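The values are calculated or read from the model by the stated rules, or taken from the named source; none is laboratory data. Because the structure is predicted, anything quoted here is derived from the model rather than measured. Quick reminder, even Gly has a Cβ in these numbers, built from the backbone with ideal geometry, and neighbours come from all protein chains shown.
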Amino acid sequence: MEYTFSLEFIYLIASITYILGLKMLGHPETARRGNLIAAAGMILAIFGTLFLYQGDEVPNKIYILIAIAIVIGTIAGWLIAKKVDMTKMPELVSLFNGMGGASAALIGLIEFHHYVGNQLYIATIIAGMVIGSVSFAGSMIALGKLNGTFKKPIRLPKYNLLNNLVFLAIIAFGIFMVVSGTSSQLFLYLLFFSALAYGILLVIPIGGADMPVVISLLNSFTGLAAAFAGFLYGNKVMLTGGILVGSAGTILTFAMCNAMNRSLSNVIFGAFGSSSGDEAEGHEITGSIKKATVSDVAILMNYSQKVIIVPGYGLAVAQAQHVIHELEQLLDSKGIDVKYAIHPVAGRMPGHMNVLLAETNVEYDKLAEMDDVNPEFANTDVVFVVGANDVVNPAAHNDPSSPIYGMPILEVENAKHIIVNKRSMKPGYAGIENELFYNQKTSMLFGDAKDILTKLVSELKSM
Amino acid sequence: MTEFIDFISSNLQMIYIVILMIFVGVEVIGHVPAVLHTPLMSGANAIHGVIIIGAILVMIDADPDNILSISLGFVAVLLGTLNVVGGFVVTDRMLEMFKKKK
C-alpha cells in the first residue's frame, strides 16, 4: 500500500494545475482556461490513483463498484450542472460543496476503527469528519434558504449561546475521544450527528442575503476537511488541494464581507435583523407611495436622455433578463444613453447579475460597477429599479438603527426620476422597509418584471 | 513532548506543504474583481472535490467483506464525483458567459 513514484509524480502535476487554475480563475481573460486546467489535473489524479495505487489483493468487485460510483456521479453531476437554470447557480455551488463535505464525513466514519489507538490519526479523522459534516449540513440549509424552502431566518431563543455551547461540546467530546482512545462506534456516530446538528444551527439563523458568504465559508471548510483526509493518507495532492481551497476560500469569504461592508462575525453571529432588526421593522416609514402605469413610464423614458437600469434578483426570478436586454436595445436605438448599474451583491452572489446579463448578450461595457456609476446618478433622468430592493435602500446611509446600515448602496435617490418595479410592497431579503419607495421622486410600477417589461417594450415601440 | 517532536519529524514534508499552500492560497486570490468572486468560489469548490481520491483509497483499502464500509465508501466516491464533475462543469458554464462579444 504505497504510492509509487509515478503516482507521486502525477500528484505533483495535479497540484500544480490546481494552483495555476486558481490563479487563472482570478482574471477574466484566463478564467475559463484556468478552470479547464484544474479539471484536467483532477482527472489525471483520479485515474492515476485508480491505476497506479496498489492495494493489498483488492478484489475486482471493488474496482467495479468504484467505477459504477464514478460513472453515476459523473452523469448525475454533469446533468445537474448543465440543466439547472443559471438563476439557480448559487444553489448548485452550495449543493456540490455539500457533497464534498459529506464525502469527507463518510471517509472519517469508515476509517475511524482502523486507526483506534493512534491518537494523532484519530484526531485527524475526527477533525475531518466533524468539519465535513458541518459543511454538508450547513450547505444543505444554505441551499434550502436560497431556493426559498426556509424563507425567514429561524432563530431559536438565545441561539448564539446555544450554538456556542454545541460548538464547545463537540470540541470537548472530540478531544475526549482522542485522549481516551475509545473504539466506540456509538461515540463516533454521536459526534457525527452532533456535527450535523451544529451545521444546521450555524446556518439557520443567517438571512438569505448572506448566503454567498456562508457558502464561501463552508467551501473553505470542505477544503480543510479534504486536507485532513490528505494528511491521514499521506496524500500530497489532497493536502495541496484541500489547504489551497481552505486558504483561498477564507480570503474570498473576507473579500465578500468587505464588498458588503460587514465583518464575518457580524454575518455569522449578528444575523441580519437580529440585533436591531425587530426595532427597525417597527421603524414605521410614513408617507405615501405613488403608482405609475406602464404608459407613464414609457413616455418618461422616451423623453429622457439618460436611463440607468438597476437589476436585482427579482429580475432573475421573473426570467426577465432577455426582455430587459430588449428594452435596453430599444432605448439605445432611440439615442438614449442607457446602462446597467450592478451592485456587487446584486442577485444572490457577487457577480451573479453580470453572468445572467452576459448570458443574454448584453455588452460588457454596458454593465457599470457601483463605484463607477454612483457619481452618474445625479445627471440621470430615469433610474429603473427592477426587482432590486436592499441594494438601493437609503437606510444604509442614513439610518444607524437599520441592519444594513453601512452597506454600500447604489445611490439612485440622486436621480431625477426613480421607477421601481416590484411585485408588491413586500420587503427584500433583509426584511426591512425601504424609504426609497416613499420618496417624492419615486413611482412604483407593480407587477411581474417580465410582464411589465414586455408591455413597456411594446409601448415604447409604438412611440 | 517527544511524541510531538516525532510527529513533526515524521511529517515534515506534509507540514511544509500545509504552510506553503496557506500562503499560495492567499496570494493567488488577492485582488480579484468582485465579478469573478462567484466563478472563483465555484472553481475552488470543484478543487476540494479532490476528496474523491480519499474516497477511492478507502474503497481500495477496505475489507471487502465489510458491507457497511464498502457501501459508505461507495456513497463517498459517488458524492465526491458529484462534487468534482458538477463543480467544474458549472464553473465552465458560468465562465462561458464571460467570453468576449464580437
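Structure summary
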item	result
Evaluation of A:Ala81 against (1) among the hydrophobic types (A, V, I, L, M, F, W, C); (2) surrounded by fewer than 20 Cβ atoms within 10 Å (Cβ to Cβ); (3) within 35 Å of the chain's Cα centre (by Cα) (one fails), failing number	(2)
Filtered residues of the stretch A:49-67 (kept if at the interface with chain B (Cβ under 9 Å from one of its Cβ atoms), assigned to a helix (DSSP H, G or I) and under 30 Å from B:Gly25 (Cα atoms))	A:Thr49, A:Leu50
Residues (at the interface with chain B (Cβ under 7 Å from one of its Cβ atoms) and either surrounded by fewer than 24 Cβ atoms within 10 Å (Cβ to Cβ) or out of contact with any helix residue (DSSP H, G or I) (no Cβ under 8 Å at 6 or more places or on another chain) (or both)) located in the stretch A:235-263	A:Lys236, A:Ile251, A:Ala255, A:Ala259
Residue check for A:Val323: surrounded by 17 or more Cβ atoms within 10 Å (Cβ to Cβ), more than 29 Å from B:Arg93 (Cα to Cα) and touching a Ser or Thr at 6+ places or on another chain (Cβ under 6 Å)	no
One residue from A:Leu190, A:Leu202 being more than 9 Å from chain B (Cβ to nearest Cβ) and over 30 Å from A:Asp390 (Cα atoms)	A:Leu190
Selection status of A:Glu359, at the interface with chain B (Cβ under 9 Å from one of its Cβ atoms), out of contact with any Pro (no Cβ under 9 Å at 6 or more places or on another chain), surrounded by fewer than 24 Cβ atoms within 10 Å (Cβ to Cβ) and modelled with pLDDT under 80	yes
Number of the condition not met by B:Thr91 [criteria: (1) facing chain A (nearest Cβ under 7 Å); (2) without any contact (Cβ under 8 Å) to a residue 12 or more places away in the chain; (3) of a type in the set (Ser, Thr, Tyr)]	(2)
Some residue of the stretch A:341-357 being in the same structural domain as A:Leu456 (by TED's automatic domain parsing) and farther than 17 Å from B:Ala34 by Cβ	no
Positions within the stretch A:304-328 being modelled with pLDDT of 90 or more and in a loop (DSSP other than H, G, I, E, B), in sequence order	A:Ser304, A:Gln305
Residues (more than 8 Å from chain B (Cβ to nearest Cβ), of a type in the set (S, T, N, Q) and in a helix (DSSP H, G or I)) located in the stretch A:93-121	A:Ser94, A:Gln119
Criterion (out of contact with any Asp or Glu (no Cβ under 7 Å at 6 or more places or on another chain) and in contact (Cβ under 8 Å) with a residue 12 or more places away in the chain) met by exactly one of A:Leu65, A:Leu52	A:Leu52
Some residue of the stretch A:446-453 being crowded, with 16+ Cβ neighbours inside 10 Å, at pLDDT 85 or above and farther than 15 Å from A:Gly387 by Cα	no
Where B:Met21 falls short, out of the listed (1) touching a Leu at 6+ places or on another chain (Cβ under 7 Å); (2) closer than 26 Å to A:Lys83 by Cβ; (3) hydrophobic (A, V, I, L, M, F, W, C); (4) buried (at least 24 other Cβ atoms within 10 Å of the Cβ)	(2)
Search result, residues across the stretch A:35-57 that are farther than 22 Å from A:Phe9 by Cβ and crowded, with 17+ Cβ neighbours inside 10 Å	A:Asn35
Yes/no for B:Gly54 being farther than 20 Å from A:Gly77 by Cβ, facing chain A (nearest Cβ under 7 Å), crowded, with 24+ Cβ neighbours inside 10 Å and not hydrophobic (A, V, I, L, M, F, W, C)	no
Qualifying residue in the stretch A:212-233 (condition: more than 19 Å from B:Pro33 (Cα to Cα), surrounded by fewer than 22 Cβ atoms within 10 Å (Cβ to Cβ), out of contact with any Leu (no Cβ under 7 Å at 6 or more places or on another chain) and touching a residue at least 24 places away in the same chain (Cβ under 8 Å))	no
Residue that is more than 27 Å from the chain's Cα centre (by Cα) and more than 27 Å from B:Ile70 (Cα to Cα), where the choices are A:Leu12, A:Leu52, A:Leu25, A:Leu36	A:Leu12
Residues satisfying the stated conditions in the stretch A:21-69, i.e. of a type in the set (Ser, Thr, Tyr) and closer than 19 Å to B:Leu40 by Cα	A:Thr30
The stretch A:206-223, subset facing chain B (nearest Cβ under 8 Å) and under 12 Å from the mean Cα position of the chain (by Cα), residue modelled with the highest pLDDT	A:Asn219
